[in-house]
Amino acid sequence: MKAHCLCGAVEFDAEIASDKIQACHCKQCQRWTGGGPLVIALVKNVTVSGADHIASFRASEWGERAFCKTCGSTLYWKMQGGGITDLPVGLFEDQSGFTMGEEIFVDHRPDWLPHWEAAGQSTEAQEQEKLRAYREARE
């Protein structure tokens with residue numbers, strides 16, 4: 001599937017790994033997106049064009065957030081030193097076929113935002129435990 005930032009300077013071609021999308025309600029994602037969750041699709045075999053327009057910063061000891069230097073579009077969050085495994089749904093030219101599969105950091109979801117009824121739910125503590133186990137397995 002094709003995806004691109006608002007101005008088109010950065011383009012992605014990726015295979016969709018799952019039709020289930022994920023919403024992250026952590027405070028960083030809320031600030032990064034301007035208030036709502038970061039809603040991502042899991043992807044694989046990603047190719048990027050326009051990489052010279054990508055800026056990134058280390059958002060935590062494990063995560064990296066990237067954006068387009070030209071238009072400011074949110075591009076991806078990834079593990080430090082890892083590959084791109086998710087892209088924001090809003091970047092895709094065709095968003096049909098996706099369904100909400102999971103909400104994470106639900107204990108930080110704003111009161112004004114209802115939850116997705118059929119989606120799995122996990123808290124910050126549950127996500128931190130998954131991250132700890134993931135990092136231990138990689139060591």
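Which ones in region 102-139 are touching a helix residue (DSSP H, G or I) at 6+ places or on another chain (Cβ under 9 Å) and assigned to a strand (DSSP E or B)?
Across region 102-139, the qualifying residues are 104, 121, 122.
Look at region 108-123 and say how many of its residues are over 23 Å from residue 18 (Cα atoms) and touching a residue at least 40 places away in the same chain (Cβ under 8 Å).
First, pick out the residues of region 108-123 that are over 23 Å from residue 18 (Cα atoms): 108-114.
This time we only want the ones that are touching a residue at least 40 places away in the same chain (Cβ under 8 Å), so: 108-110, 113.
Count: 4.
Sort out which residues of region 87-101 are touching a residue at least 24 places away in the same chain (Cβ under 8 Å) and either assigned to a loop (DSSP other than H, G, I, E, B) or under 14 Å from residue 33 (Cα atoms) (or both), and write them in order of number. If you could, list the steps in order and put the result at the bottom.
Looking only at region 87-101, we keep the residues that are touching a residue at least 24 places away in the same chain (Cβ under 8 Å), and these are 87-94, 97-101.
Result: 87, 88, 89, 90, 91, 93, 94, 97, 98.
Just for region 38-86: of the residues that are of a type in the set (Gly, Ala, Ser) and assigned to a loop (DSSP other than H, G, I, E, B), which one is nearest to residue 19 (Cα to Cα)?
Once the filter is applied, the top-ranked residue is 83.
Return the total of residues in region 77-90 being within 13 Å of residue 43 (Cα to Cα), surrounded by 13 or more Cβ atoms within 10 Å (Cβ to Cβ) and at pLDDT below 95.
So the answer is 5.
Please enumerate the residues belonging to region 76-97 that are touching a strand residue (DSSP E or B) at 6+ places or on another chain (Cβ under 6 Å) and closer than 21 Å to residue 30 by Cβ. Let's see the steps before the verdict.
At the first step, the residues of region 76-97 found to be touching a strand residue (DSSP E or B) at 6+ places or on another chain (Cβ under 6 Å) are 76-78, 80, 84, 86-89, 91-93, 97.
Within region 76-97, 76, 77, 78, 86, 87, 88, 89, 91 meet the criteria.
If residue 35 passes every condition in (1) crowded, with 17+ Cβ neighbours inside 10 Å; (2) not in a helix (DSSP H, G or I) but one, which one does it miss?
(1)
From the list 117, 93, 61, 102, which one is closer than 18 Å to residue 134 by Cβ and loosely packed, with under 15 Cβ neighbours inside 10 Å?
61
Anything in region 25-47 that is at negative phi, in contact with a strand residue (DSSP E or B) (Cβ under 7 Å, 6 or more places away or on another chain) and not aliphatic (A, V, I, L, M)? List them, or say none.
25, 29, 32, 33, 37, 44, 47
Say we look at region 1-32 and pick out the residues that are of a type in the set (Gly, Ala, Ser) and crowded, with 21+ Cβ neighbours inside 10 Å; which of these is nearest to the chain's Cα centre (by Cα)?
Among them, the one singled out is 23.
Tell me yes or no: at least one residue of region 59-66 is at negative phi, at pLDDT below 95 and out of contact with any strand residue (DSSP E or B) (no Cβ under 7 Å at 6 or more places or on another chain).
Checking region 59-66: at least one residue is at negative phi, at pLDDT below 95 and out of contact with any strand residue (DSSP E or B) (no Cβ under 7 Å at 6 or more places or on another chain).
Pull up region 43-58, narrow it to residues that are at pLDDT 95 or above and of a type in the set (A, V, I, L, M, F, W, C), then point me to the one that is nearest to the chain's Cα centre (by Cα).
Per the criteria, the residue is 43.
The values are calculated or read from the model by the stated rules, or taken from the named source; none is laboratory data. In this text the structure is predicted, and so the values were computed from the model without any measurement. We place every Cβ from the backbone using ideal geometry, glycine too, and count neighbours over all the protein chains shown.
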